[in-house]
Amino acid sequence: MAARAYWKGQIRLALVSIPVEIYKATKSGASISFRQIHEPSGKPIKYEKVVPGIGPVDRDEIIKGYELSKGHFVLLEDAEIEAVKLESKRTLDLVQFVDADAIDVLYFDQPYYVVPADDLAEEAYVVLREALRKSRKVGLGQLAIRGQEFLVSLKPCGRGLVLETLRYADEVNKAANYFRDIGDTKPDADLLDLATTLIEKKAGKFDAGEYHNRYIDGLHRLIEKKAKAKGKRVLEDVEEPGPASGKSNVIDLMAALKASVEGKKTAPDKAEKPTAKATPKSRPAAAAKPAARRKRA
């Protein structure tokens, strides 16, 4: 396998040990990073370590500090931090099994592919995979990597297994803090029926390949144009916004849902009628943008 294993070790279930290798399941290739450049010279800008009132300092004068309160720090030596780090073990003990849907989606962090290390490990690997699938359970354990301990889950994925690092409880904000002000009002039965019909109409099989990050795609196009222009300024085509229609933000929910189910673009609500009188008021604003009119023409 061309990829480099993120971790090598064994999964242990009671007295059974399965040699495995773990590989990252995601990549950051879609993101674009920028460097800050000094425009007159075209050279990248570097950062100096500076102390207010003193100026630049040498790296060997820098140690780590934890801020207890504003301006008050506990200073820690690198050796002290290293002494606290956990020894990276080569064993993942599955200590608990929970229902596959028992873990809230908020706790899932990073996924990794788990594969058998060799042909001898494959038989036990397949047994564990099918046992998890048949019982509809997810295995839990803690894994020490690079000095830190991660809570992880293990579950079947096609012909293999996927390990996912999980967030600890103190890393997740409680939903009640944000949802407590939402009332207990029951939805109107007709509105609920229309919304359900709309969802069923748009239901389909998920295919991640059908979705693209248009911002990243646009950056790639711009970078390609700039590279071909050899330093000349290039601006991406930007669609001019049309004149404000003055339409009310108040929407007849029933009419909007019905129009959505029927496949219409807009709902024929009564809120559109008063906007006809308001149209002349928006004309001066449109006249102030002759460039926009020329583009639309």
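The values are calculated or read from the model by the stated rules, or taken from the named source; none is laboratory data. Only a predicted model underlies this, so the values are computations on that prediction, with no experimental measurement involved. Note that each Cβ is placed from the backbone with ideal geometry, even for glycine, and that neighbours are counted across all protein chains shown.
Table for the structure above
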item: Residue match in the range 122-129 (condition: under 27 Å from Lys27 (Cβ atoms), surrounded by fewer than 11 Cβ atoms within 10 Å (Cβ to Cβ) and basic (Lys, Arg)); result: no
item: Residue match in the range 85-93 (condition: surrounded by 14 or more Cβ atoms within 10 Å (Cβ to Cβ), modelled with pLDDT of 90 or more, of a type outside the set (Lys, Arg) and on the phi < 0 side of the Ramachandran plot); result: yes
item: Arg146 within 24 Å of the chain's Cα centre (by Cα) and of a type in the set (Lys, Arg); result: yes
item: Qualifying position, being in a helix (DSSP H, G or I), of a type outside the set (Asp, Glu) and closer than 30 Å to Leu132 by Cβ, among Leu106, Leu92, Leu86; result: Leu106
item: Residues within the range 192-217 that are among the charged types (D, E, K, R) and either in contact (Cβ under 8 Å) with a residue 24 or more places away in the chain or surrounded by 10 or more Cβ atoms within 10 Å (Cβ to Cβ) (or both), tallied; result: 3
item: Exclusive hit being under 22 Å from the mean Cα position of the chain (by Cα), surrounded by fewer than 10 Cβ atoms within 10 Å (Cβ to Cβ) and either farther than 30 Å from Glu130 by Cβ or among the hydrophobic types (A, V, I, L, M, F, W, C) (or both), set Ala169, Ala189; result: Ala169
item: Residue tally, condition more than 18 Å from Phe150 (Cβ to Cβ), hydrophobic (A, V, I, L, M, F, W, C) and surrounded by 14 or more Cβ atoms within 10 Å (Cβ to Cβ), over the range 98-121; result: 4
item: Identity of the residue in the range 94-117, among the small types (Gly, Ala, Ser) and either more than 27 Å from the chain's Cα centre (by Cα) or under 20 Å from Gly160 (Cβ atoms) (or both), that ends up modelled with the lowest pLDDT; result: Ala100
item: Residues of the range 190-217 that turn out to be assigned to a helix (DSSP H, G or I) and among the aromatic types (Phe, Trp, Tyr), as a count; result: 1
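Yes/no per residue for (1) among the aliphatic types (A, V, I, L, M); (2) under 30 Å from Tyr6 (Cα atoms); (3) in contact (Cβ under 8 Å) with a residue 60 or more places away in the chain:
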site	(1), (2), (3)
Lys27	no, yes, no
Gly42	no, no, no
Lys46	no, no, no
Gly53	no, no, no
Asp60	no, no, no
Ile63	yes, yes, no
Ser69	no, no, no
